[in-house]
1. Could you give the dipole magnitude of the range 95-156 about its Cα centre, charging the beta-carbon of Lys and Arg +1 and that of Asp and Glu -1, in debye to the nearest 20?
2. So if each residue of separation counts as 0.36 nm, and I subtract the Cα-Cα distance between Met60 and Leu228, what length gain in nm does that give?
3. State, to one decimal in nm, how far the label point of Leu246 lies from the label point of Val45, with both points 7 Å from Cα in the Cβ direction.
4. At a Förster distance of 41 Å, what's the computed FRET efficiency of His73 paired with Asn128, Cβ-Cβ distance as r, to 0.05?
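Only the coordinates and a few stated rules stand behind these numbers; no lab work does. Just so it is clear, the model here is predicted, and its values are computed rather than measured. All Cβ positions, glycine included, derive from the backbone under ideal geometry; neighbour counts span all protein chains shown.
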Amino acid sequence: MVKDLANLQRQFSQALHYQPFSMPNLKGRGSEEALLQIYRNQFVVSLKESMDRIYPAVKMLAGEECFDGVTRHHVLTTPMTDARVETYGFGFDNTLSSLPNIHEPAPYLADMAGFEWQFLMVSQRDYNAPLFPIEALSKLTPEQIGELSLITAPNIGWHRSLFCIRSLWEAVKADDRDVISQLRIEQPEQTLMKKTLAGVEIIPLSDEALRFIELSQQQTLGALPPELMPQLRHLVQLGVFSGFSLTSPAQHKENNDE
C-alpha cells in the first residue's frame, strides 16, 4: 500500500510538471485534462508566491514580467523535494544561470538569488551559539594547535560574489534607486550572515577572511596559508567559530552526520 501511494504521488507530480504519467482517472465536473489543469495552475501559483517572498530583490531587478516567467519555468522544471511550500525555491540561481537570455545581459541575478537563498537559510537557524573557548585553546601545545579543526557556529552563513551583491541587495531593500544606479556592479563582495535575536545581521568580509573560513572547512589550522592566520582573531570576535576539534574537518563532519 505504501509503495502504491508513493507511485501515485510520483505520477501526480509528473502530471503537474507536464511529464508523461499514468494514474487513475480524476473524477469531477469537466474533462480529466481540465481538472488536472486546475491543479497545475494552483500548484504553480502557490510555489511562485513562495518564490516571490524568498527572492524580492531578484524580482525587483528582473522586473515582474520577467520574474514571473522565470519562476514558472523553475517550478515546471524543478520538482519539490519536501512538503514545505514556504521554502520552495532551492536552485533558482542555477535556473537563472541556465537561461542565456537572462544570464548574459544580467549575470548578477543568479548571484542575487544565491544570496537571498542563503539569507533564508540563515534566518531559519537558532541564534544561540556557543562562545569560542579561548581558555581551552590556550592550554593546547603548539603541535595540537596546528592539528586542530575549527568548528563554524551554527548560526552563520556566508556568500561570495564577483558582483557587489550585498550593496545591491541593501539598496534594493531600501528602495534607493539613486544608490542602485551608482553601484559598480562588477565589484566583488564577500558577506557574512549571522542569525541574532534581532534577525539576520549582514557583515562585510574581506576576501582573506572568507578564504580563511572556506579553507577551514577542509583543512586543519596548521595547514592553512600563513598569510591568512591574522584573520583568526577577527573571525572569532565576529562569532564565526564556536569551537574546535582535534580531529580533521572531514572526520568531524562524519561524526556530526552519524
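1. 120 debye
2. In short, 56.7 nm is gained.
3. 6.2 nm
4. Between His73 and Asn128 the formula returns 0.55.
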